[in-house]
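Nothing in this text is a laboratory measurement; each read-out follows from the coordinates by a stated rule. What you are looking at is a predicted structure, and each value in this text was computed from that prediction instead of being measured. Counting neighbours? That spans all protein chains shown, and the Cβs are built from the backbone with ideal geometry, glycine included.
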């Protein structure tokens, strides 16, 4: 039997990564990263009002470049034995489309209109709409939020749609339907972007759009029109059924096969969100707590439906049958800022240098700053009297979504320097992680082990050891530095028939683990006390918000 290969494509916040993998043993034969040009220049975003938009052309241009880059040094024989491509993206990242499934920003009249672009996961312009959804859902006969932790978030599908329809009449008049990034970009490769017929991701729909079989799909027309008459009829222009990511969306189109130099027999898998495919790439098993640690964090768990399917877990980002692994209940939680918090602190220090001393000095400082702060912070003692901060610099995702919350620092004094502030920030992100772990355990979901993937997990031993001490749990770090793309490649192997199921794909293609952190008892005891201070500070901030 000839060897078979798959491509996993991972759309992150700043860039897209393509990974070519041997389905027999997980060997990586090629990889490439392409950054979004418009996003890099800051176009269409306004951080002061939490507006973050991405142009569809960034996605189309970058996926072509990344895949071509990953294939640049492989033989024609390998190219012709690529059997599948699967894609993961950030989410919820929806876009308004016309009747053909074309994002409105790709039409001339909307080319520079941010409301016709993809609304990135961390866009919080729909806080008010999320609150309205929650208020109505909690009064309705059927609480459509019960499978998404009981609180709907402004980061999600319906809140973003409603806000855009209210804010922009031109978009409202032209938008036929709405599509998640992971569905649209996968559909593009098949050549069929019809919003009424494309296969929609179970992962995206269940976690962010309140889709559930109990509701016969999406929330009812009556509920949506009561929320706002502007939503009338939209349910029928969206979707009823959803598909797990081991399914094929279709075959690659002749246009894209020629463009990428591939066979027209390549299967395109149903898409999903990055963190869910990342958990697959990290070889998740039942009751593993997989932390995808990057700009934000996403926390993934799976468990047999028959064991915990009866639970309604409060304050998380949803529990969805098959969203991570088919046949398993997939659960998601996370923090709205993790690496973003560290990057904010870096900018706070480097931007005045940029203005005063120029680009070269600022860039050199930016390159060295976080490693320096981490090394110095690791030398500091940890005591009961240490000041604490909250991790809500971009609101709180879980437990209990509230994106109106802000970060706070407690007990600063004239002796507080940049190193101590950085230590507080790292500890705050770890305390926020502990709040998530505690919520799962309180709700009856045991955690067997912690697995970490992503840039933060690979790059910062100080962050990881602090997290380990705060959680008081060992942490394993996956060897692959592209676990999300690897998980996508695993899904592609099943969709294309190279493996019978995802568990078999994991066994064959998994990368293993290359680091392990153990809790230090002397730190654990102190951090338990500091965590209580974090909780008190958080309650004070929330009560006075």
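Shape of the stretch 406-462 from the C-alpha gyration tensor: oblate (a/c of 1.5 or more and a/b not above b/c, with a ≥ b ≥ c the square roots of its eigenvalues). In terms of the mean number of neighbouring beta-carbon atoms within 10 Å, the peptides 21-30, 520-529, 180-189 order highest first as 180-189, 21-30, 520-529.
Ranked by the mean number of other Cβ atoms within 10 Å per residue, highest first, peptides 385-394, 265-274 order as 265-274, 385-394.
Using only the Cα atoms of the stretch 11-58, each taken as one equal point scatterer with no solvent, compute I(q) by the Debye sum, divide by I(0), and report log10 of the ratio at q = 0.27, 0.28 Å⁻¹. Computed log10 I(q)/I(0) values: -0.98, -1.02.
With the simple model of a label 7 Å out from the Cα in the direction of the Cβ, residue 347 to residue 508 spans 4.4 nm. Note on the stretch 486-545: Kirkwood radius taken over Cα pairs, Stokes-Einstein applied at 10 °C and 1.306 mPa s, translational D equal to 101 µm² s⁻¹. Would you please classify the overall shape of the stretch 157-304 from the alpha carbon gyration tensor, given that a ≥ b ≥ c denote the square roots of the eigenvalues, rounded means a/c under 1.5, and beyond that prolate means a/b larger than b/c while oblate covers the rest? Because a/c hits 1.5 or more and a/b fails to exceed b/c, the stretch 157-304 counts as oblate.
Taking a ≥ b ≥ c as the square roots of the eigenvalues of the alpha-carbon gyration tensor, the stretch 219-302 is classed oblate because a/c is 1.5 or more while a/b is no larger than b/c.
How high is the FRET efficiency between residue 441 and residue 378 when r is their beta carbon distance and R₀ equals 30 Å, given to the nearest 0.05?
FRET efficiency, residue 441 to residue 378: 0.60.
Within the stretch 349-439, the percentage of alpha carbon pairs spaced more than 15 angstrom apart rounds to 67%. Peptides 225-233, 248-256, 311-319 ranked from most to least packed, by the mean per-residue count of other Cβ atoms within 10 Å: 311-319, 248-256, 225-233. For percent of Cα pairs over 41 Å apart, the value calculated from this model appears in [x] 30; [y] 26; [z] 18 under label [z].
For residue 57 and residue 236, the difference between the fully extended length at 0.36 nm per residue and the C-alpha to C-alpha distance is 61.7 nm.
The alpha-carbon positions of the stretch 1-138 define a convex hull whose volume is 168 Å³ per residue.
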